[in-house]
Every structure is written in C-alpha cells, then in structure tokens.
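The values are calculated or read from the model by the stated rules, or taken from the named source; none is laboratory data. Please read all numbers here as calculations on a predicted model, not as lab measurements. As a convention, Cβ positions derive from the backbone with ideal geometry for all residues, glycine included, and neighbour counts pool all protein chains shown.
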Amino acid sequence: MRQHLRPDTGAAIPAGAVPLAPAASDPADAAREAGLARLFELHYSSMLRLAVLLGADDPENVVAEAYYQIYRKWRRLRDAEAAEAYLRSTVCNLTRMRIRHLQVARKHVEKPADEVVASAESTALLRDDQRVLIDALQQLPARQREALVLRHWLGLKESEIAAAMGISCGSVKTHTARGLAALTQAMEARR
C-alpha cells in the first residue's frame, strides 16, 4: 500500500483520500483563474442559451466542457479578449459534435429512442411566446440553425460567424439566407 504525504506539512494522507494540489503560486496561474472566473461570470448564461438554441440535448454539460477546454488552453490564447470568441466557437463545435454523435448512435439503436426531454434549466430560459419559434428553428438543418443563432441572437458579424463555424463568409450568407427563408415559411405555416 502506497502512502501519500502532504506537500506542505509532510503528514500522511489517509488511504483512499485524494491528495490536494498545492495552491497556485505562479502569477500566470492566478491570472488564468481570475480570467476564467470573470469569463464564467460574464458569459455562462449566454453560452448556455447558445447551446440550447443550437439544439444541444445537454447544454449544461456542453458549456462545462467548453469552459474546461478554454481552461486547458488559456496560456495559448493571444489575449483575454479572444477568450469569448474561442468559448463561443467551442460551444458551437461541441454541440455540433454531440448532435452528430447522437445521430450515429440513434441509427444503431434497435428500438426507437424516447423523445429527448429538455432540462428544467433550459426550459426555464425560454418564454412561452418563443417556443413556437424555437420549434421551427430546431427543424432547420444544423448549419442553417447555427448561422441564424449566431447572427440574429448573438448579433455577430459574418466574419465572426465564419470563424465560429469554421466556414467561409459566403457560406455564412448562404446558410443564413436559406435558414431565414425556411424559418419564415415554417412560421407562416403555423399561423
């Protein structure tokens, strides 16, 4: 049986206990912690809503994973201002990957899967008058939905949308125009 010693006192840590990491004494670590705390405070709700609007089945986990990824790559960010764009892009990519994974998994399921129920938190974020729009938005292809959400909900420029989605500005225009046309048609059909 291996015994762990506490780094600060040299005392033995009881078996089964997880040794704690020493406190961050590096100024870069302290800056990362402060930057991430601020990023979380300012943007968690909007990133959660973004994941919901993009169709994530578990938006809380998608956003948590995005924050974890930015935590790991914090030192490679060019500046703190790039963190929000990186986080937004990561939420888009993780949601897209999760949806693709679920589509593949559902193809290989022998019996039909039950309908995915949105979490109480994501449901509470939406007003009743938005539900019809959200339902119509969910019926759009993923790229059209992403382009519309990034453009009209977050108010991003075409170049920012292109960077977040990993496509060209021309493709952003195409997806946005097609998505708006399909959304307009779906909304008029429901009235």
**Prompt:** Is there a residue in region 13-26 that is modelled with pLDDT under 90, surrounded by fewer than 17 Cβ atoms within 10 Å (Cβ to Cβ) and touching a Leu at 6+ places or on another chain (Cβ under 9 Å)?
**Reply:** yes
**Message:** For region 47-55, check the following and say yes or no: at least one residue is closer than 15 Å to LEU36 by Cβ, not assigned by TED's automatic domain parsing to the domain that holds GLU160 and not polar (S, T, N, Q).
**Reply:** yes
**Item:** helices (runs of 4 or more DSSP H) completely within region 40-131 that count 1 or more residues being at pLDDT 90 or above and crowded, with 17+ Cβ neighbours inside 10 Å
**Value:** 59-72, 82-107
